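**Student:** Okay, here's the structure, questions in a sec.
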Amino acid sequence: MSMKDKIIAIIQELAAESGWKIVSDLNYETVLLESGLDSLGFAILVARLEEELRYDPFTMMDEPFYPRTLGEFVAIYERYAS
Amino acid sequence: MKAETLSGIVGSLCGDHSVVATPSVVCSVGKLLEHADELYRRSSVTTASRVALSGLSALSLMTGLVAFDGKVEAMLLLPVALDEATFDRLIASAGCTHLMDADGIRTLPNCLAGDTEFNVEGTQWLLATSGTTGTPKLICHTLASITRSVKRDRTKGAHFVWGLLYETSRFAGLQVVLQALFSGSLLIASESSEFDSQIEAFVRHGVNALSATPSLWRKMLMDARIKACPLRQITLGGEIADQQILDALRRSFPAARIVHIYASTEAGVAFSVNDCCAGFPAAWLRSEHSPIPLRIRDDGHLLIKPAKLPDGQEIARRLDADGYLDTTDIVYVEGDRVFFSGRASGAINVGGNKVIPEFVEQHLRCVDGVLDVHVFGKKNSIIGQLVAVKVVARSGVDTALLRGAIIGYCKVHLEKWQIPGVIFFVAELKESMAGKRERVV
């Protein structure tokens, strides 16, 4: 499973658990804060991904960057995958 | 010497100078003073009155503060979203005689003397601590104590446009409002607390000074519209500022002065750090260039000794023999820096919102299928900390269904930030060596 598919699957799983209303068409261009995730939801997503993938890229970046789109978010996880 | 008053400060600014802009109105010094005067004359307050201010827009609250500071005995600033019982208890505890809300000001029937006594010069500014235990306490400031670290340089201030993101009736929001008033800067206050309209207003008015929690700054950087604001002053507070957010802000706004402040409702602004590094210099513990006397107690508690502290029992009981205040924040030294690791009480800070673990545990124990729980703060790179919980399920219970039941229950009974974002199912809960369960991971 690609990183993008893995992340989208987890977003959908969290949304189903917590009753978040997430846009149906999640793609690289989706703006994260307009996807139905608020910053608390985004924080929960990062925590869940850390459980699954065993890393949190936001603590590893030399040049910190906060992604605007899902594409940028996926790219950050791909960059730090070992 | 007679204490300074807010109307005196505002009155010393030029009358046609704009002090605050909302989407619907731009208010000048002259107008603000006129509205405040009208409010005062209409209100029938005396020097013995104690006025509660509740549910007011930023502009109305500013009008109230200008109208009553120096003219009444006390002003109680009630935060929004208080439950009715706490609201009544705080009004009674402060002995309020009047209430000013969105409908205007009125005398309170059956008012009794409050149960708190404060001995200060000038009008008392009573603020509620952000206790989520159900018992917020009253802290008594004065205009002097609450503006201790506010800059008064009007030549510099004239070039600043401050944006207001915080709730005005709390300490952090008041700091922004008073900073703008004292230095003659324009304040942009959105009428809505909705993030989108706030950011739109900041961009439209060219806000160049902004104070927010690290979590809110991360959100603003994700949103990216804030980059259109020519920020020159960036203030972080209310949560631990990590190196990542400081670096990200420096990259996005290379020309800005970036300051993280260490403050609380109880102690006011204790100190600020402007070297763009997380924590604060360990040299300050040895009094080298230290802004205030600081110590670390054997158990890791940070102790501080500000020049002036609010009056009252709540503060007095937290002072040691040398007059140092126990901040109940836990710190550790690493190399030449001192870093914050969390609250001694185990309180969890979710993006600036305080969550008491025991409170969440009590609720979770009500969920059918839960045998035992342990709530703790899990460090999070986006929002500071998340509420996490270890759950021991009753035998035979399907944990996937129980997870859904827990979230469903929490959504009805808890605030959004109190709901566990991370749920672990475990066979048993381990106690630490001291017999206590660790509250921070």
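**Student:** So B:A248 ticks every box in (1) touching a Lys or Arg at 6+ places or on another chain (Cβ under 9 Å); (2) away from every other protein chain (no Cβ under 14 Å) but one. Which box is left unticked?
**Tutor:** Here B:A248 clears every test but (2).
**Student:** Just the residues that are surrounded by 20 or more Cβ atoms within 10 Å (Cβ to Cβ) and more than 14 Å from every other protein chain (Cβ to nearest Cβ), please, taken from the range B:371-380.
**Tutor:** B:V373, B:H374, B:V375, listed by residue number.
**Student:** Would you mention how many residues in the range B:387-428 are at the interface with chain A (Cβ under 9 Å from one of its Cβ atoms) and touching a Phe, Trp or Tyr at 6+ places or on another chain (Cβ under 9 Å)?
**Tutor:** Number of matching residues: 2.
**Student:** Shifting gears a bit: For the range A:1-56, enumerate the residues that are outside any loop (DSSP other than H, G, I, E, B) and aromatic (F, W, Y).
**Tutor:** The answer is A:F42, and nothing else.
**Student:** Evaluate the range A:52-66: report whether one residue or more is over 30 Å from B:V412 (Cβ atoms) and under 10 Å from the mean Cα position of the chain (by Cα).
**Tutor:** Looking through the range A:52-66, none of the residues is over 30 Å from B:V412 (Cβ atoms) and under 10 Å from the mean Cα position of the chain (by Cα).
**Student:** With respect to B:H17, is the statement that it is at pLDDT 95 or above and either surrounded by fewer than 18 Cβ atoms within 10 Å (Cβ to Cβ) or assigned by TED's automatic domain parsing to the domain that holds B:L108 (or both) true?
**Tutor:** The answer is no for B:H17.
**Student:** Mind listing whichever residues of the range B:105-121 are of a type outside the set (A, V, I, L, M, F, W, C), at pLDDT below 90 and over 14 Å from B:R89 (Cβ atoms)?
**Tutor:** B:P109, B:N110, B:E117, B:N119, B:E121
**Student:** If you check A:M3 against the conditions, is it within 11 Å of another protein chain (Cβ to nearest Cβ) and hydrophobic (A, V, I, L, M, F, W, C)?
**Tutor:** no
**Student:** Additional query: So which of B:D223, B:D196 ends up being closer than 25 Å to B:P254 by Cβ, more than 16 Å from the chain's Cα centre (by Cα) and acidic (D, E)?
**Tutor:** Working: B:D196 fails: closer than 25 Å to B:P254 by Cβ.
The conditions single out B:D223.
The values are calculated or read from the model by the stated rules, or taken from the named source; none is laboratory data. From a predicted model like this one, the values you see are computed outputs, not experimental measurements. Reconstructed Cβ throughout: ideal geometry from the backbone, glycine too, with neighbour counts over all protein chains shown.
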